[in-house]
Amino acid sequence: MKMLQKAWGISQFDTESVHLRKGRVFLVLLALTAAVVIALPGINGFNGGVGDSNQQYGCSTGCHTVQSGSTISLSASATEVAPSASVTVTVTVTGGEASSTPLGVQIVSALTKSSSLPSDAGWTITADPSGSTAFNYHEDLSYTGSVTMTWTLTAPSTPGVYTLYAREVHGNGERYQRDSAGTVFVVGTITPGEFAVLITSPTASSEVSGTINVAATIVPETDISYAILSVDGNSVDNKSSAPFTWALDTTQYSDGAHVIKVTAANSTGGIAEKEIAITINNAAAGETVLSWVWTMAAGSLLIVALLAMFMVVALMIRRRVTGGGKVN
């Protein structure tokens with residue numbers, strides 16, 4: 001063997017160097033295997049935030065689909081204001097996933113993926129929580145379980161009934177989100193005896209499944225005799241005092257288009273109503289769950305396959321270093 005090494009110009013030092021290099025490759029592969037195990041579960045789990053900016057509701061701030069365990073609320077310095085008057089809006093988030101930062105909070109005028117900026121409804125943001133800009137979306141980089149953010153806005157110049165919502169989004173492994181209930185603002189003066197009904201949940205033209213929360217705001221809320229919830233013209237339930245909310249089991253209805261209506265009457269005999277169209281799709285909700293199960297299973301198989309591949313290659317190199325590649 002030494003004669004062959006001499007004839008081929010290979011020294012004992014060269015052979016040992018080859019063994020050392022193979023040993024290093026073995027260690028690198030083991031390190032890569034460990035990195036795959038650690039990194040794969042977090043891939044696509046957290047987008048690192050988008051920074052303070054103007055963001056439409058929904059996937060413009062990342063497709064956050066997991067419901068947060070937190071509580072989020074929106075309050076205002078006044079809900080009956082003159083056109084173009086200044087209003088202070090405060091959003092409070094407590095509890096939930098304190099380790100999932102940054103925590104992003106936004107105020108929107110609709111729970112839709114377009115035309116949901118406050119400016120789309122006539123509001124003007126004059127100050128956001130940073131104190132130096134005027135965006136509808138602000139990030140807290142070190143959320144620890146409780147935060148309060150304040151915006152200053154100028155009310156729309158056109159009298160009417162308006163709604164603002166707050167939304168939180170955060171990640172770090174899972175992309176969490178939660179919406180607040182809508183806060184209704186009366187801009188301008190309502191004629192005595194006149195009142196209005198606004199359905200704040202669900203949103204018009206939305207697709208729903210399972211049991212949903214139907215919520216209505218009646219302005220003004222005094223002297224209300226009753227409020228009736230109906231679906232497709234059929235009465236479901238009625239209430240005589242706030243809160244005017246109902247739990248509606250959509251599995252009792254066929255998939256497809258339906259109309260939700262809330263009709264209210266006051267003590268003077270006035271009647272006001274509001275209706276919205278929704279689409280019930282419980283079949284798709286079941287398919288989504290099944291798809292998620294298959295996706296999780298496929299992801300697990302991919303991880304196992306990658307681990308197996310790395311281990312086989314590592315073991316082959318180790319065998320060559322300790323056995324097949326040994327020079328006598």
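Residue count for the range 77-92 under the criterion of being surrounded by 18 or more Cβ atoms within 10 Å (Cβ to Cβ) and either under 17 Å from Thr200 (Cβ atoms) or at pLDDT below 95 (or both): the result is 3. Scanning the range 95-109 for residues that are hydrophobic (A, V, I, L, M, F, W, C) and out of contact with any Phe, Trp or Tyr (no Cβ under 7 Å at 6 or more places or on another chain) yields one hit, Val105. For the range 252-282, filtered to residues that are acidic (Asp, Glu) and either within 30 Å of Pro220 (Cα to Cα) or assigned to a strand (DSSP E or B) (or both), the residue that is nearest to the chain's Cα centre (by Cα) is Glu275. Scoring Ile212 on the criteria (1) buried (at least 17 other Cβ atoms within 10 Å of the Cβ); (2) farther than 26 Å from His258 by Cβ leaves a single failure, condition (2). Suppose the filter is over 25 Å from Ala204 (Cβ atoms) and either modelled with pLDDT of 95 or more or under 27 Å from the mean Cα position of the chain (by Cα) (or both); does Ser300 pass it? Yes; evaluated as a whole, the condition is true for this residue. For the range 94-134, filtering for residues that are within 18 Å of the chain's Cα centre (by Cα) and not basic (Lys, Arg) leaves 23.
Restricting attention to the range 218-239, the residues being free of Cβ contacts under 8 Å to residues at least 40 places away in the same chain, surrounded by 13 or more Cβ atoms within 10 Å (Cβ to Cβ) and not basic (Lys, Arg) number 10.
If only residues of the range 116-138 that are free of Cβ contacts under 8 Å to residues at least 12 places away in the same chain and part of a loop (DSSP other than H, G, I, E, B) are counted, the one that is surrounded by the most Cβ atoms within 10 Å (Cβ to Cβ) is Ala134. Could you tell me whether the range 172-185 includes any residue that is assigned to a loop (DSSP other than H, G, I, E, B), among the basic types (Lys, Arg) and in contact (Cβ under 8 Å) with a residue 60 or more places away in the chain? So far as the range 172-185 goes, yes, one or more of its residues are assigned to a loop (DSSP other than H, G, I, E, B), among the basic types (Lys, Arg) and in contact (Cβ under 8 Å) with a residue 60 or more places away in the chain.
The values are calculated or read from the model by the stated rules, or taken from the named source; none is laboratory data. Since this is a predicted model, take the numbers as computed values, not measurements. Note that we place each Cβ from the backbone using ideal geometry, even for glycine, and neighbour counts take in every protein chain shown.
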